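Okay, so here's the structure we're looking at.
Values quoted throughout were computed directly from the atomic coordinates according to the rules given, and no laboratory measurement underlies them. Note that this is a predicted model, so its numbers are computed, not measured. No Cβ is skipped: glycine too gets one built from the backbone with ideal geometry, and neighbour counts run over all protein chains shown.
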Amino acid sequence: MATVGGVKTSSVRLSGLGTTIFAEMSALALRTGAVNLGQGFPDTDGPVEVVEAAVTALRDGRNQYAPGSGVPELRRAIAAHQHRFYGLAVDPDVEVAVSTGATEAIATALLGLVDPGDEVVVLEPYYDSYVAMIQMAGGVRRPVTLRAPDFRLPIDELWAAVSPRTTAILLNSPHNPTGSVLRREELEAIAAVAIEHDLVVISDEVYEHLTFDGLPHIPIATLPGMAERTLTISSSGKTFSLTGWKIGWATGSEPLIRALVGVKQFLTYTSGSPLQPAIAHALDVGDDYFTGFTARLQAQRDQLCDGLAAVGFGVHVPEGTYFATTDIRPLGFEDGVEFCRLLPERAGVVAIPHQVFHDDVDAGRPLVRWAFCKRPEVIAEALDRLRVLA
Ligand code: PMP
Ligand code: GLN
């Protein structure tokens with residue numbers, strides 16, 4: 001809680017949360033003119049026909065409140081997407097909810113499922129909104145750390161993290177910031193824990209179409225016994241390079257979706273109407289779009305990783321996502337937060353320190369994340385600037 005002149009200016013719910021690292025680092029990039037490889041947003045627009053579909057929807061009067069769980073054609077397109085890519089049978093009427101980005105789906109899932117004192121097992125390093133929303137729900141996070149160099153799931157630590165107070169496991173694969181993609185054996189271990197302890201799984205899969213080198217993305221909801229206990233979350237932002245549209249969704253069993261929509265109705269009521277039919281259109285595009293998108297990002301990953309290695313960083317080549325991780329110690333640095341605060345001035349580039357996504361600060365201290373969802377010429381310019389560190 002905070003007060004100014006005796007007036008309460010923030011609740012206990014907000015204590016310690018500060019400003020998100022993404023906003024801080026993007027503001028720093030703007031202020032200093034640095035190349036922004038920090039916040040994960042593409043610097044090219046999404047498909048032109050999707051933008052045109054939004055323009056049509058705006059002109060066609062799709063401008064009043066959408067139904068709380070989303071416009072029917074988008075719910076149908078999301079269900080069709082889950083079936084087309086993963087063979088999942090999802091009922092578009094009661095097992096899909098459209099959200100204001102994956103961020104709102106995560107928030108409403110946690111507020112709708114977690115009671116004060118409940119524990120949530122979460123992969124660390126964690127996406128920052130997880131920590132904030134577990135705290136706002138009154139829950140307690142129990143991190144399980146993915147450690148360098150390979151960032152695999154420590155299955156023993158997962159079992160050990162569960163207690164009688166645990167209600168949920170919050171997953172993210174492909175994983176931001178490590179770039180790790182959970183393998184079938186890891187997902188089976190998580191499923192075994194969830195089933196043994198009667199847990200809900202909230203699975204953030206926003207990078208589902210960004211796995212590289214032919215590695216499959218496997219939604220945990222496809223494993224036996226998991227569909228009924230899993231909320232799967234995704235977003236059009238990453239897949240269609242439209243991060244500013246903030247159209248996300250959750251799919252899952254009717255009671256879980258009902259909990260999420262129960263919160264959403266009082267948080268935002270509904271999400272932006274005219275963008276929803278456009279995303280329905282986007283989800284229907286042919287396979288070529290998805291394979292082309294993955295191939296383009298994989299080439300940008302390789303460009304960035306090769307360049308960072310040439311500068312002298314220790315590079316952890318990611319299996320998925322928008323992000324590569326480096327160890328800064330080979331260049332004589334120790335602390336990622338200090339490194340990232342100085343980097344704009346020293347080299348004219350912005351990156352994100354892993355440390356801010358950790359309770360186990362030491363595990364993240366020497367690690368720094370770089371976004372490669374940028375045009376090749378922008379990545380080249382950043383690498384050129386980084387050569388001063390060599
Ligand atoms: N989850 C993860 C892992 C992310 O990296 C992001 C960032 N975009 C989000 C959720 C939020 O997605 P959205 O922008 O759709 O709210
Ligand atoms: N998901 C993006 C990232 O990890 C940022 C989104 C945000 O700023 N909330 O960089």
Query raised in the report: For region 216-238 and region 47-79, what is the separation of their Cα centres, given in Å?
Result: 23
Requested in this report: Find which of S69, T232, G244 sits farthest along the positive direction of the dipole of the chain, computed with +1 on the beta-carbon of Lys and Arg, -1 on that of Asp and Glu, about the Cα centre.
Outcome: G244
Query raised in the report: Starting at 0 and stepping by 5 Å, how many percent of the alpha carbon pairs of region 185-333 end up in each bin?
Result: 2, 8, 14, 15, 16, 15, 13, 9, 5, 2, 0
Report summary line: Under the helix-only model (-39500 (n - 2.57) for each DSSP H run of 4 or more, divided by the residues of the chain), the mean residue ellipticity at 222 nm, to 500 deg cm²/dmol, is -12500 deg cm²/dmol
**Report entry** region 164-203 - convex hull of alpha carbons, volume per residue in Å³
**Finding:** 66
Report summary line: In whole angstrom, largest first, the equivalent ellipsoid semi-axes that the Cα gyration tensor gives for the chain are 31, 26, 22
**Report entry** Among V388, L111, V7 - extreme Cα towards positive end, dipole of the chain, charges at beta-carbon
**Finding:** V7
Report task. Have a look at P330, P177, P366 and tell me which one the Gaussian network model of the chain (Cα, springs below 10 Å) gives the largest fluctuation. Result -> P330
**Report entry** Extension gain from A2 to S163, taking 0.36 nm per residue of separation minus the Cα-Cα distance
**Finding:** 54.7 nm
Requested in this report: Could you line up S180, S10 from fewest to most neighbouring Cβ atoms inside 10 Å?
Outcome: S10, S180
Requested in this report: Could you check what % of the DSSP bridge pairs in the chain are antiparallel, to the nearest 5?
Outcome: 55
Report summary line: For the pair R59 and R183, the simple spin-label estimate (label points 7 Å beyond Cα toward Cβ) gives in nm 5.2
Requested in this report: Please report the base-10 log of the normalised intensity I(q)/I(0) for region 59-104, using a Debye sum with one equal scatterer per alpha carbon and no solvent, at each q in 0.25, 0.28, 0.32, 0.33 (1/Å).
Outcome: -0.93, -1.03, -1.14, -1.16
Query raised in the report: Which of the peptides 351-363, 262-274 is most tightly packed, and how do the rest follow, judged by the mean count of other Cβ atoms within 10 Å per residue?
Result: 351-363, 262-274
Report task. Quick one: among V121, V94, V368, which has the greatest mean-square fluctuation in a GNM of the chain with alpha-carbon springs under 10 angstrom? Result -> V94
Requested in this report: Would you mind ranking R365, R301 by Cβ crowding within 10 Å, fewest neighbours first?
Outcome: R365, R301
**Report entry** Approximate spin-label separation S10-V285, in nm, with each point projected 7 Å along Cα-to-Cβ
**Finding:** 3.9
Query raised in the report: Got the relative contact order for the chain handy, in percent, Cα pairs under 8 Å and 6 or more residues apart?
Result: 23
Query raised in the report: Who wins for biggest fluctuation among F293, F323, F212 in a Gaussian network model of the chain, springs between alpha carbons below 10 Å?
Result: F293
Query - Formal net charge of residues neighbouring E377 (Cβ-Cβ distance under 15 Å; K, R +1; D, E -1) - result: +1
Query - Centre separation in Å (Cα based) which lies between region 354-370 and region 97-140 - result: 20
**Report entry** Least to most buried among C305, C340 (fewest other Cβ within 10 Å first)
**Finding:** C305, C340
